[in-house]
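The values are calculated or read from the model by the stated rules, or taken from the named source; none is laboratory data. The structure presented is a predicted model; accordingly, all values stated were derived computationally and were not measured. Neighbour counts are summed over all protein chains in view; Cβ atoms, including those assigned to glycine, are modelled from backbone coordinates with ideal geometry. Heads up: the accessible areas ignore ligands, DNA and RNA and are worked out on the full protein's heavy atoms, side chains in. Shrake-Rupley method; radii C 1.70, N 1.55, O 1.52, S 1.80 Å.
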Amino acid sequence: MNELVKFYRNDYGVAFPLFISGGLGALSLAILGGFTMSALIMAGGFIVATIGLYFWARNRYQTSLQIVEQDLSDRFQQEQEQKIKALQQTHDESVVRVCTNKVEIEREHIEALLADLVRRFDELSNRFGGQDNEERAATTLLSVETYIADLTQRFDALICHIDSQTMIRESQDLGIVGLDSLCQKVLPIWSNQIDMAREHTEESVANLAQRFDGLSQRLDAAIIASQNTVGSHDSHSGIVELFENSQLELRSITEALSASLAEKWEMLHSIEALSTFTEQLSKMASEVSNIANQTNLLALNAAIQSARAGDAGHGFSVVADEVRKLAHSSGDIGRKMTETVDSVNVAIDDTLTISHKFAQQDKRTLDNAEHIIASVLMHFTRAAAELADSTERLRNENTAINNEISDVFVDLQFQDRVSQILTLVCADLKKLEQHLDELHSEESNGKLLRVVNVEQWLEELTQTYTMKEQLAAHEGVDASIDTNQTTITFF
Amino acid sequence: MAKTILFVEDSASVRQVMKTALTREGYDVILAVDGRDALTKLDGTKIHLIISDVNMPNMDGITFVKEAKKLPTYKFTPIIMLTTETQASKMAEGKAAGVKAWIVKPFQPAQLMAAVAQLVMA
């Protein structure tokens, strides 16, 4: 409809028919005239006339349209005003009706709430012990104003009572005034101290474990070095083997010395045998001297006989002289041989004496050496055995110390458990500190103070425990830890 | 060739004790201070066994196990939880995550080493 009104208001309803009919008329004239110049002029004139007719008709159309619109507008306005007046009247009536109902309902609701409030107030008064409830309960309240006036009066009385009770309680609690502030300041300090102690303990225990490990390693190295040095009876190295080899070598030396001494005794026996030969030589020298004496006597007799023979025996006397000379020479040789043999005997005797002396000295030296070597070897063997025993004891001690260190490692794990327990204690201290901060903040903002739920607090603390020992300690039960048995669960 | 074990523990003393005990048994030991640190150690290195604590800062042991099991290289690596935790719910959580054994501190090194050898050889 609006589109149609707009269409006509824009004069398209007048312009379209006129221009279409004008165009068709002009076209008809041109066609009927055979498109001659006169026909075209007539068609053009027809178009001009049509345009003029359009402007005249447009003017008339708009004037009449304004008159109609004005008329319609006046009539519509009057109708609307009448409708609005009727609606307003109806609305006012319904609003008054609804509001009346609501006010009644709200009044009843408020009265119920006030009655409940009075009941709760009575309970509150009971708790503070400042009101006479039976007397109040017997009172019949008829209106909200009465309720409110009564409540106001009773609130004033209760506030006075609470103030008096608060003053009494403050005076009673004077001994712990400032405890909250003290806790707020001291709790973080306690937490920091516990944290610091826990960190120091952890660091120290880690160092302790490292040192125990170092000691154990050094002990192992010492045992290995000792074993390598001492060796054992079933191994082919070490001091025991060295002693055994040395004993064999020394024994071979003493055996060689004994053999040498035996040879020396054989040589002395040979020299002693020589003395018998010198006696024979001495006898032979004596026999030579005797033969020389007898020969000399024989030569003397021959010389005597030759002298008796005179000149015939002159030649024989020469021979007798020569024989006598030979006898003298033989006698000299015999004497020299005797002297030489005697010298040889003396020399051999001296040699035998010295050799005997040396041989006996060598024998004593050898006996002494064997005794000393045996003694030294015995001492060394005993020392080696003691060293081997010491090494064995050291090895046993090492095993025992390793077991001890293993136990120490178990005990050192206490730090981890203590650390976890202290961490939870610190967390609970911080939680208490935050709680006190919140309470203080709420108090500063004028809000009512919340009551600490102790049971809930302890229950939440219980939930943080990871060890059964913590729970046992929480419940005040003795909690002993079995460190000899490791709890292992395989899945 | 020595077997390699990754040990995850926030307590320095227990780390030192375990390093000593495992090294004396001939294992190569890689140490990590929490779950997040341990994940950085899982860089493709061949690891034959993982031993982890449960309650640790930054990333707890159970979360670490779940993350480790997502890595293809370590999907079948056996894991031992070494902890003071004794709650059955936590143990069930660990079992569901793929843990092979749950050992409660304090532990005897010899008994722990027996369990370690059993899982390393498995």
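Of the cross-linked pairs A:K430/B:K75; B:K3/B:K70; B:K19/B:K95, which ones have a Cα-Cα span greater than 32 Å in the structure shown? Please report the intermediate quantities before stating the final value.
Values: A:K430/B:K75 40 Å; B:K3/B:K70 22 Å; B:K19/B:K95 25 Å.
Over 32 Å Cα-Cα: A:K430/B:K75.
Averaged over peptide B:96-106, how many Cβ atoms belonging to another chain are found within 10 Å of each residue's Cβ? Write down the numbers at each step before the final one.
Details: counts 1, 0, 1, 3, 3, 4, 5, 5, 6, 11, 14.
Rounded to a whole number, the mean comes out at 5.
Using only Cα atoms and rounding to the nearest 10 degrees, what angle (0 to 90) does helix A:12-32 make with the longest principal axis of chain A?
So the inclination is approximately 80 degrees.
Using a 1.4 angstrom probe with every protein chain in place, what is the largest-first accessible-area order of B:S89, A:S289, B:S52?
Working: B:S89 75, A:S289 25, B:S52 0 Å².
The ranking, largest first, comes out as B:S89, A:S289, B:S52.
Ignoring ligands, DNA and RNA, how much accessible area is buried between chains A and B, both sides summed, with a 1.4 Å probe, to the nearest 100 Å²? Mind showing how you got there, number by number?
Values: alone 36310 and 6490 Å², together 39830 Å².
Chains A and B together bury approximately 3000 Å².
Calculate the mean, over all residues of peptide B:79-91, of how many other protein chain Cβ atoms lie within 10 angstrom of the residue's Cβ.
Details: counts 1, 2, 2, 3, 4, 12, 4, 8, 4, 0, 0, 1, 2.
For peptide B:79-91, the averaged partner shielding equals 3.
Using 0.36 nm per residue, how much length does the chain from A:D74 to A:N301 gain when fully extended, once their Cα-Cα distance is taken away? Mind dumping the intermediate values first?
Values: separation 227, 0.36 × 227 = 81.72 nm, distance 23.15 nm.
Extending this stretch completely gives an extra 58.6 nm.
Want the number for A:R364 to A:S390: 0.36 nm per residue separation, take away the alpha-carbon distance, what's left?
Details: separation 26, 0.36 × 26 = 9.36 nm, distance 3.81 nm.
Once the chain is fully extended between A:R364 and A:S390, it gains 5.6 nm.
Once you have the Kirkwood Rh of the protein assembly as shown from its Cα pairs, apply Stokes-Einstein at 10 °C and 1.306 mPa s and quote D in µm²/s.
Details: Rh = 42.8 Å.
Result for D is 37 µm²/s.
Mind jotting down the distance between the C-alpha centroids of region A:404-477 and region B:67-118, whole Å?
Here the answer is 27 Å between Cα centres.
Calculate what fraction, in whole %, of the accessible area of region A:285-423 sits on carbon and sulfur atoms when a 1.4 Å probe is rolled over the protein chains.
Details: 5340 of 8880 Å².
That fraction is 60 percent.
Size of region A:222-348 along its principal axes in angstrom, Cα-based, largest extent first?
Computed over the Cα atoms, the extents are 120, 18, 17 Å.
Measuring from label point to label point, each 7 Å out along Cα→Cβ, what is the A:S329 to A:D349 span in nm?
Roughly 3.3 nm, to one decimal.
Once both labels are modelled 7 Å past Cα along the beta-carbon direction, what's the A:E108-A:I291 spacing in nm?
19.2
Suppose R0 equals 45 Å; then what is the FRET efficiency for A:A262 and A:E397 from their Cβ-Cβ distance, rounded to the nearest 0.05?
Working: r = 52 Å, r/R0 = 1.17.
Given R0 = 45 Å and the Cβ-Cβ separation, E is 0.30.
At 0.36 nm per residue, and after removing the present C-alpha to C-alpha distance, how many nm does the segment from A:R60 to A:E322 gain when stretched out fully? Could you put the intermediate results ahead of the total?
Values: separation 262, 0.36 × 262 = 94.32 nm, distance 22.68 nm.
In short, 71.6 nm is gained.
Taking each residue of A:203-215 in turn, how many C-beta atoms of other protein chains fall within 10 Å of its C-beta, and what is the average?
On the way: counts 2, 2, 6, 7, 3, 3, 10, 6, 1, 3, 7, 1, 0.
Across A:203-215, the average partner-chain Cβ count within 10 Å equals 4.
Based solely on its DSSP helices, what 222 nm [θ] is calculated for chain B when runs of n ≥ 4 H residues each add -39,500 (n - 2.57) and the sum is averaged over all residues, nearest 500 deg cm²/dmol?
Numbers: 5 runs with 53 residues, N = 122.
Calculated at 222 nm, the ellipticity per residue is -13000 deg cm²/dmol.
What FRET efficiency, computed as 1/(1 + (r/R0)^6) with R0 = 22 Å and r the Cβ-Cβ distance, is obtained for B:T63 and B:D37, rounded to the nearest 0.05? Working shown, then result.
Values: r = 13 Å, r/R0 = 0.59.
Calculated value: 0.95.
Using Cα atoms only, what is the angle between the long axis of helix A:414-444 and the major principal axis of chain A, expressed in degrees (0 to 90) to the nearest 10?
Here the helix axis deviates by roughly 30 degrees.
Hey, any idea what % of region A:2-100's accessible area is carbon plus sulfur with a 1.4 Å probe? Numbers along the way, then the final one.
Details: 5160 of 7840 Å².
Of all accessible area on region A:2-100, carbon and sulfur atoms account for 66 percent.
Can you give me the solvent accessible area of A:I159 with a 1.4 Å probe, rounded to the nearest 10 Å²?
90
Could you do me a favour and compute the accessible area per residue for the protein assembly as shown, 1.4 Å probe, result in Å²?
On the way: 39830 Å² over 613 residues.
Per residue, the protein assembly as shown has an accessible area of 65 Å².
By accessible area of protein heavy atoms, probe 1.4 Å, what ranking do A:H435, A:H371, A:H440 get, highest first? Working shown, then result.
Numbers: A:H435 40, A:H371 130, A:H440 90 Å².
Listed by decreasing accessible area, they come as A:H371, A:H440, A:H435.
When the accessible area of each residue in region A:394-435 is compared between its chain alone and the complete protein assembly (1.4 Å probe; ligands, DNA and RNA ignored), which residues differ by at least 40 Å², being lower in the assembly?
Output list: A:F409, A:V410, A:Q413, A:D416, A:R417, A:Q420.
With the crude spin-label approximation of a point 7 Å out along Cα→Cβ, what separation in nm comes out for A:T340 versus A:E241?
The answer from the label model is 6.6 nm.
Note the direction-averaged projected area, equal to a quarter of the hull surface, for the Cα convex hull of region B:1-67, in nm².
On the way: hull surface 16.9 nm².
Averaged projected hull area, Cα only: 4.2 nm².
Could you compute the net charge surrounding B:I62? Neighbours are other residues with a C-beta less than 9 Å from the C-beta of B:I62; K and R count +1, D and E count -1.
On the way: positive: B:K66, B:K90; negative: B:D60, B:E93.
Charge balance in the 9 Å sphere: 0.
Hey, can you rank A:380-386, A:466-472 by average C-beta count inside 10 Å, highest first?
Details: A:380-386: 14.0, A:466-472: 17.3.
The peptides rank, most packed first, as A:466-472, A:380-386.
What's the carbon and sulfur percent of region B:4-121's accessible surface, probe 1.4 angstrom, rounded to a whole number? It would help to have the intermediate numbers written out before the result.
Numbers: 2410 of 4580 Å².
Carbon plus sulfur share of accessible area: 53 percent.
Could you give the angle, 0 to 90 degrees to the nearest 10, between helix A:179-230's Cα long axis and the longest principal axis of the Cα atoms of chain A?
For A:179-230 against chain A, the angle is about 30 degrees.
Round to the nearest 0.05 the FRET efficiency obtained for A:T381 and A:T276 when R0 = 35 Å and r is the Cβ-Cβ distance.
Details: r = 50 Å, r/R0 = 1.43.
So, using R0 = 35 Å, E works out to roughly 0.10.
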